[in-house]
Amino acid sequence: KKAMLEEAQNTCRELGIELPLTTEAGLCSVGHQQMTEILRILMLDAKVVIMDEPTAALTERETATLFKMMRKMKARGVAIVYISHRMEEVFSECDTITVMRDGHTIITKPTAEISVDEVVRHMVGRSIDEFYPARTTTPGEVVMSVDNLKPEGFDNEISFSLRKGEILGVAGLMGAGRTEIMRAIFGVDKHNGGTVTVNGSVLNCKKPEDAIKAGIAFITENRKSEGLILDFSIGSNITLPNLGEICPSHVLDKSKLNSFADELSKKLGVKTQSIHEPASSLSGGNQQKVVIAKWVGKKPSIIIMDEPTRGIDIGAKRDIYDLMNELTNDGVSIIMVSSELPEVLGMSDRVMVIHEGRVAGILDRCDATPESIMTLATGGQ
């Protein structure tokens, strides 16, 4: 055990990575878990390495370290299959690009001979300029007010409002506290003071059940460990949070349950042969649609979406964006936490920027630019 720890420490030191090597992996952040998995594979001295969305949960610094490792591997003759939906990464690190859609190879070209717009066009059948659907909803009255909320471990108080039919984007660097704020609002984590008012009533939220009763849903950033029971069927994942509504007599009716799950899976475009298949059999994009489906079934008035399109393909992203527009057209309000600036800019009516556990600023759509968001996210004015 000591030798294994020393070897891991030496590898981390060589690559300039800081990892809590003696901490149980399940207690680490998603970013640290991802880096641990990558390091484990690299230490096997493989000749071919397949990386599937390796940077999905990494900070900019961790991503830069990964690319440094990849270049060292390439220099040693290791072949890398790099699967990603982040265009900037693909174009900066890959020699050749292959586009696949619905299980078929669409095109393969040297990176120098293809553009971002051409790649997107082959992936989804539309140009990048048309990727984000137009926001047609005009936000209405305030449906939720967060006043002086102080999540446990925070030094600052958080205040903001959310309007009916609005998509409020939440931007900031990884570790800024965006997820922690949302977890405190939903009752997953404790908070020390402050109030959350929903539709005029103060929410005494001590546990998620309280938030759910108030009409709030929470799509977490890690669908596999927090959003789904992977060994359960697609249908069971969709119906579990909705059993009381589907079977109010507390007697389970399989016909009603199957009908409910089938209707929602079709509505959200889940690609599967049967709702009786395990959730683990689905692609990342379809798994995310199942997570959204189970909450849409409860007909919430407010949905918190934490990294709703992380690690999914561009086609599935567009499906989710269209769904978000449909929900807001029906009066649902959405808080969207995202690390993807184009997504924040393309989908948000307003953008709230978090820096080191405080609200650094809230920008209207017309004032939100990559520069203005990053200035606030890094502590500027």
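For the chain, a/c is less than 1.5, where a ≥ b ≥ c are the root eigenvalues of the C-alpha gyration tensor. That puts it in the rounded class.
Close amide-amide hydrogen proximity is noted between Leu203 and Val196, Thr197, Val198, each under 5 Å apart and 5 or more residues distant or on a separate chain (H modeled in the peptide plane; Pro and chain starts excluded). In terms of its C-alpha gyration tensor, segment 278-371 has a prolate overall shape, because the principal axis ratio a/c (a ≥ b ≥ c, square roots of the eigenvalues) is not below 1.5 and a/b outweighs b/c.
Couplings 3J(HN,Hα) of segment 308-315, computed from phi: x, 10, 5, x, 10, 6, 4, x Hz, in residue order, whole Hz [Karplus 6.51 cos²θ - 1.76 cosθ + 1.60, θ = phi - 60°; x for Gly and Pro].
Using a simple spin-label model with pseudo-atoms 7 Å out from Cα toward Cβ, Ser274 and Phe67 lie 4.6 nm apart.
To the nearest 0.05, what FRET efficiency results for Ser281 and Glu226 with a Förster distance of 25 Å applied to their C-beta separation? FRET efficiency, Ser281 to Glu226: 0.85. Rounded to whole numbers, the Karplus 3J(HN,Hα) couplings from phi for segment 263-271 are 5, 5, 5, 6, 4, 8, x, 5, 8 Hz, using 6.51 cos²θ - 1.76 cosθ + 1.60 with θ = phi - 60°, and x at Gly and Pro. Every helix of 4 or more DSSP H residues in the chain counts as -39500 (n - 2.57), and over all residues that averages to -11000 deg cm²/dmol at 222 nm.
When the C-alpha to C-alpha distance is required to be over 27 Å, the pairs from Lys190/Lys224; Lys164/Lys224; Lys224/Lys317; Lys267/Lys317; Lys164/Lys271; Lys266/Lys298 that qualify are Lys164/Lys224; Lys164/Lys271. Overall, the ratio between the Cα radius of gyration of segment 23-68 and 2.2 N^0.38 Å, rounded to two decimals, is 1.15. Between Asp117 and Met51, the FRET efficiency from the beta-carbon distance, with R0 = 30 Å, is close to 0.75. Going by neighbour counts of Cβ atoms within 10 Å, the residues Asp319, Asp367 line up, fewest first, as Asp367, Asp319.
Helix 60-75 and the longest principal axis of the Cα set of the chain meet at an angle near 30°.
A simple charge model with +1 on the Cβ of Lys and Arg, -1 on the Cβ of Asp and Glu and nothing else charged puts the dipole of the chain at about 640 debye relative to its Cα centre. Taking a ≥ b ≥ c as the square roots of the Cα gyration tensor eigenvalues, with a/c under 1.5 meaning rounded and otherwise prolate when a/b beats b/c, else oblate, which class fits segment 2-94? Oblate is the answer for segment 2-94, as a/c is 1.5 or above yet b/c matches or exceeds a/b. Give, as ranges by residue number, the residues of segment 251-282 whose backbone N falls under 12 Å from the point 7 Å along Cα→Cβ of Asp330. Under 12 Å, as judged by backbone N against the label point of Asp330, lie 264-265, 267-268 of segment 251-282.
Under 5 Å from the amide H of Val143 lie the amide H atoms of Leu162, Arg163, Lys164, each residue being 5 or more positions distant or on a separate chain, with H modelled from the backbone and absent for Pro and chain starts.
Among Asn325, Val142, Pro208, which residue has its Cα furthest toward the positive end of the charge dipole of segment 142-377, with +1 on Lys/Arg Cβ and -1 on Asp/Glu Cβ? Farthest along the dipole direction, towards plus: Pro208.
Which residues does a label at Thr375 reach in segment 155-196, if reach means a backbone N under 20 Å from a point 7 Å past the Cα toward the Cβ? 169-173, by backbone N distance to the label point. What's the longest bit of the chain with no exposed GluC sites (Glu not before Pro), using DSSP loop states and at most 11 other Cβ atoms within 10 Å as the test? Within the chain, the longest run free of exposed GluC sites (Glu not before Pro) spans 153-381. For Val170, the residues whose amide H sits under 5 Å from its own are Met336, Val337, Ser338, Met352, ignoring neighbours fewer than 5 places away on the same chain, with H placed 1.01 Å from N.
Here Asp306, Asp147 are placed in order of increasing Cβ neighbour count within 10 Å, fewest first, which gives Asp147, Asp306. Computed 3J(HN,Hα) for segment 230-239, one whole-Hz value per residue from the Karplus formula 6.51 cos²θ - 1.76 cosθ + 1.60 where θ = phi - 60°, is 4, 7, 7, 5, 4, x, 5, 4, 6, 8, glycine and proline marked x.
Computed from the coordinates by the stated procedures, all read-outs in this text should not be read as laboratory data. Here the structure is a predicted model, which is why all the values come from computation and not from measurement. Glycine gets a Cβ as well: all are built from the backbone with ideal geometry, and neighbour counts include every protein chain shown.
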